[in-house]
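Readers should treat all values here as calculations from the given coordinates under stated rules, not as data from a laboratory. Because the structure is a prediction, the values reported are computed rather than measured. With ideal geometry, Cβ positions are generated from the backbone for all residues, glycine too; neighbour counts draw on all protein chains shown.
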């Protein structure tokens with residue numbers, strides 16, 4: 001994607017950029033989707049770890 005974007009900035013005509021726009025946008029959306037999934041998974045792990053810690057402290061009483 002970087003090479004397409006770099007080429008677009010420096011050498012491609014506007015019509016060519018329009019032609020590649022949907023593909024580049026889809027690539028960006030995929031990257032952002034993966035980031036959102038990672039952040040959700042990270043938050044879920046944090047919550048699970050806290051729940052386990054809480055349960056362990058209750059069991060020790």
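Cβ-Cβ contacts under 9 Å between residues 6 or more apart (or on different chains), taken from a first residue in region 2-24 that is assigned to a loop (DSSP other than H, G, I, E, B) to a second residue that is surrounded by 11 or more Cβ atoms within 10 Å (Cβ to Cβ), are listed as 12/4; 12/19; 12/20. Consider residue 28 carefully, then state whether it is surrounded by 10 or more Cβ atoms within 10 Å (Cβ to Cβ) and either in contact with a strand residue (DSSP E or B) (Cβ under 7 Å, 6 or more places away or on another chain) or without any contact (Cβ under 8 Å) to a residue 12 or more places away in the chain (or both). The answer is no for residue 28.
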